[in-house]
1. Residue check, GLU75 against (1) surrounded by 22 or more Cβ atoms within 10 Å (Cβ to Cβ); (2) over 30 Å from VAL297 (Cβ atoms), all met but one. Which one?
2. When you check ARG83 against the structure, is it part of a loop (DSSP other than H, G, I, E, B) and of a type in the set (Lys, Arg), yes or no?
3. Select, from VAL170, VAL110, the only residue that is assigned by TED's automatic domain parsing to the domain that holds PHE304 and either aromatic (Phe, Trp, Tyr) or within 14 Å of the ligand (Cβ to nearest atom) (or both).
4. Might you let me know whether region 321-328 holds any residue that is more than 11 Å from the ligand (Cβ to nearest atom) and either of a type outside the set (Ser, Thr, Tyr) or in the same structural domain as ALA112 (by TED's automatic domain parsing) (or both)?
5. I need a count of the residues in region 42-80 that are under 19 Å from the mean Cα position of the chain (by Cα) and not in a helix (DSSP H, G or I).
6. What's the number of the only condition in (1) surrounded by fewer than 21 Cβ atoms within 10 Å (Cβ to Cβ); (2) under 22 Å from ASP107 (Cα atoms); (3) not small (Gly, Ala, Ser) that ILE306 fails to meet?
7. Keeping to region 377-395, report how many residues are surrounded by 14 or more Cβ atoms within 10 Å (Cβ to Cβ), touching a Lys or Arg at 6+ places or on another chain (Cβ under 9 Å) and part of a helix (DSSP H, G or I).
8. Between a first residue in region 346-361 that is part of a loop (DSSP other than H, G, I, E, B) and a second residue that is away from the ligand (no atom under 12 Å from the Cβ), which pairs have beta carbons less than 6 Å apart while being 6 or more apart in sequence or on different chains?
Amino acid sequence: MAKYARIASTGKPKVVIIGGGFAGLELVKSLRNAEVQVILIDKQNYHTFQPLMYQVATSGIEADSIVHPFRKVFESQKNFYFRMAEVQCIDTQQRLVETSIGLIRYDYLVIATGATTNYFGDAQMEKNAIAMKSIDDAISLRNTILDNFERALQLDDEEQLNSLMDYVIVGGGATGVELAGALTELRKHVFPKDYPELDFKSMDIHLIQSGGELLKGMSPEASKKSLQFLEEMGVKIWLNRRVKSYDGYTVTLDNGETLITRTLIWAAGVTGNPVKGLRPESILKGNRLKVDVYNRVEGYDNIFAIGDVAAMITPENPQGHPMLAQPAIQQGKLLGKNLVNLHHGKPLTPFVYKDQGAMATIGRNKAVADLKLFKKDIRSQGFFAWLIWMFIHLISIVGFRNRLVVMTNWFWNYFTYDSGNRLIVGKKQENIPITETITHKTVI
Ligand SMILES: Cc1cc2nc3c(=O)[nH]c(=O)nc-3n(C[C@H](O)[C@H](O)[C@H](O)COP(=O)(O)OP(=O)(O)OC[C@H]3O[C@@H](n4cnc5c(N)ncnc54)[C@H](O)[C@@H]3O)c2cc1C
């Protein structure tokens with residue numbers, strides 16, 4: 001018989017939250033004064049600020065400045081209980097969550113498990129590409145980039161050198177655009193100093209986008225300007241192109257053209273990450289859970305979903321809300337109040353998304369911002385947008401220390417044209433053997 005996880009009962013209704021991302025974190029906060037026992041389950045013991053992960057991958061900031069331990073965030077919240085565990089399944093009949101540390105009983109269950117990388121069923125891509133969905137991914141990408149150059153020093157064959165020095169990024173959304181921009185800045189200002197024996201004029205950065213514009217979903221001005229910025233910075237942009245296959249070395253495009261790289265970064269899409277055990281009818285296309293305007297999962301009284309994993313279909317949002325931090329935060333905040341009202345038999349407030357706009361940064365002094373302030377659309381591209389982008393990201397990072405560390409890093413990087421986090425640490429990426437046909441020249 002499965003055992004129960006050890007969590008002392010406080011006798012109050014148990015609100016079990018799976019996932020401490022933007023949505024889960026905000027929900028815990030909004031239940032601070034509620035007469036409930038809040039149990040947060042996450043497979044990590046920290047919250048990750050995903051929007052800055054690309055800066056960890058490109059050596060701009062330290063990994064630990066964008067993560068924050070849950071126990072620290074909620075150290076003064078009396079009704080808060082945390083268990084680091086992976087949720088395997090839920091038993092909706094018995095009101096139990098099956099986790100890697102045992103069963104956890106709930107009165108109200110909130111699924112806030114976010115999204116996961118979508119390879120659209122391409123197993124070869126999943127095996128060979130690098131994703132950007134977790135802090136481990138970001139560190140692994142940083143290791144790979146730096147390791148590539150260390151290995152390139154030992155080669156003189158042009159194709160093999162290019163395979164290590166060239167990068168292919170798939171997906172022209174914010175992550176792809178931001179990564180491409182950051183890599184070009186490293187190519188210009190940092191790598192030539194670290195590796196004077198390598199010729200960085202031959203380092204190509206390709207950005208492949210299936211549609212005809214970058215940053216789809218943002219204004220036409222933002223799309224056009226980001227394309228212009230990246231082209232000026234020397235990124236090779238392939239619009240209206242899809243990747244057909246990637247075997248870890250050759251990228252084949254849908255028109256038959258090929259590119260050679262050992263590093264393909266997959267930023268082409270995400271899919272919802274629901275937990276097992278729910279009725280199949282509750283799961284929509286895109287693996288998101290169908291919720292009503294109170295974020296209640298269709299078909300259940302006491303199970304809710306918030307954030308990326310939730311799809312609230314309304315006339316204004318026929319595909320559900322965008323998979324961004326703001327809908328997750330706003331849903332988490334409102335659900336806290338609604339759960340208290342539900343418990344006391346009071347009416348619930350329907351969720352209305354307050355769209356505050358979107359932003360992406362391309363490089364030093366270059367960003368695009370479509371903001372909605374006081375019901376007005378404010379669009380900015382360039383230096384001002386870059387300042388806004390930095391300000392909003394700084395105030396959004398969890399933890400004062402983290403904000404200070406990130407700000408210091410940004411100042412340092414800006415004025416010195418340097419970035420101090422060029423370390424190959426932790427689990428190194430597997431050394432992919434260089435093909436035997438290549439002549440190796442030892443450079444001493
Ligand atoms: C690289 C990148 C850049 C981004 N940039 C931006 C940006 O600039 N602006 C913006 O608005 N949005 C951005 N986003 C999107 C934004 O981060 C998400 O929309 C947001 O994180 C969604 O919040 P969430 O709480 O739904 O899920 P998440 O923040 O993904 O949190 C999910 C949590 O659930 C936990 N979890 C998942 N499954 C389990 C399980 N089975 N058991 C236990 N725990 C589990 C995870 O460990 C995680 O802590 C970006 C995303 C990525 C990946």
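The values are calculated or read from the model by the stated rules, or taken from the named source; none is laboratory data. Keep in mind that what you see is a predicted model, and the values were worked out from it rather than measured. Because the Cβ atoms are built from the backbone with ideal geometry, glycine has one as well, and the counts that use them run over all protein chains shown.
1. (1)
2. Details: part of a loop (DSSP other than H, G, I, E, B): no; of a type in the set (Lys, Arg): yes.
Spelling it out, it is not the case that ARG83 is part of a loop (DSSP other than H, G, I, E, B) and of a type in the set (Lys, Arg).
3. Values: VAL170 fails: assigned by TED's automatic domain parsing to the domain that holds PHE304.
Answer to the check: VAL110.
4. First, pick out the residues of region 321-328 that are more than 11 Å from the ligand (Cβ to nearest atom): none.
No, region 321-328 has no match at all.
5. Restricting attention to region 42-80, the residues satisfying the condition of being under 19 Å from the mean Cα position of the chain (by Cα) are 42-70.
Pick out the ones that are also not in a helix (DSSP H, G or I) and you get 42-49, 58-62, 66-69.
Matching residues across region 42-80 total 17.
6. (1)
7. Of the residues in that region, 3 qualify.
8. Every condition considered, the pairs that remain are LEU348/TYR294; LEU348/ASN338; LEU348/ASN341; PRO350/VAL293; PHE351/VAL293; PHE351/LEU334; ASP355/LYS372; GLN356/LYS372.
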